[in-house]
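The structure appears right after this line, and notes come after that.
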Amino acid sequence: QVQLVESGGGLVQPGGSLRLSCVASGRFSRMGWYRQAPGKGREFVATITSGGSVNYADSVKGRFTISRDNAKNTVYLQMNSLKPEDTAVYYCNAYNAYTVDNYWGQGTQVTVSS
């Protein structure tokens, strides 16, 4: 069974930083992060391929950085200059292009508040 284990969420003041980590039970060609705020749908944040190609939502460009360590099957999300609107549950995602399967972590809460 595929497992994605997230960590690093917490409470931070506006302008602060957090780094999220996600360890997968295997290697995936594309991994990423999505988030869901109360009363809203799940939205795209960032993705990264095994080759290092990245894609970001406009709302986080210049503030968030996604990276991965292929040897450790781990993806990271460095979040800087956090805003209250970044408050959400953040979910790790792994995509298998051959089976067209999406796998999700349990989610980690990020709260940005003064």
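Details
- The set of residues from segment 57-80 being within 12 Å of residue 46 (Cβ to Cβ), charged (D, E, K, R) and in contact (Cβ under 8 Å) with a residue 12 or more places away in the chain comprises 63, 68.
- Every residue from segment 59-114 that is farther than 16 Å from residue 10 by Cβ and acidic (Asp, Glu): 69, 85, 101
- Contacts under 9 angstrom Cβ, first residue in segment 10-21 being hydroxyl-bearing (Ser, Thr, Tyr), partner outside any loop (DSSP other than H, G, I, E, B) and loosely packed, with under 14 Cβ neighbours inside 10 Å, 6 or more apart: 21/7
- Scanning segment 61-101 for residues that are surrounded by 14 or more Cβ atoms within 10 Å (Cβ to Cβ) and of a type in the set (A, V, I, L, M) yields 66, 75, 77, 79, 82, 88, 89, 94.
- In segment 25-56, of all residues being open to solvent by 50 Å² or more (accessible area, probe 1.4 Å) and either of a type in the set (D, E, K, R) or closer than 11 Å to residue 95 by Cβ (or both), the one that is modelled with the lowest pLDDT corresponds to 27.
- Number of positions in segment 81-101 that are in a strand (DSSP E or B), among the acidic types (Asp, Glu) and closer than 16 Å to residue 43 by Cα: 0
- The set of residues in segment 102-114 being of a type outside the set (Val, Ile, Thr), open to solvent by less than 70 Å² (accessible area, probe 1.4 Å) and either touching a Lys or Arg at 6+ places or on another chain (Cβ under 9 Å) or within 18 Å of residue 44 (Cβ to Cβ) (or both) consists of 103, 105, 107.
The values are calculated or read from the model by the stated rules, or taken from the named source; none is laboratory data. Since the structure is predicted, the reported quantities are computational estimates derived from the model, not experimental observations. We place every Cβ from the backbone using ideal geometry, glycine too, and count neighbours over all the protein chains shown. Areas reflect the complete protein model, heavy atoms only, side chains present, ligands, DNA and RNA absent. Shrake-Rupley method; radii C 1.70, N 1.55, O 1.52, S 1.80 Å.
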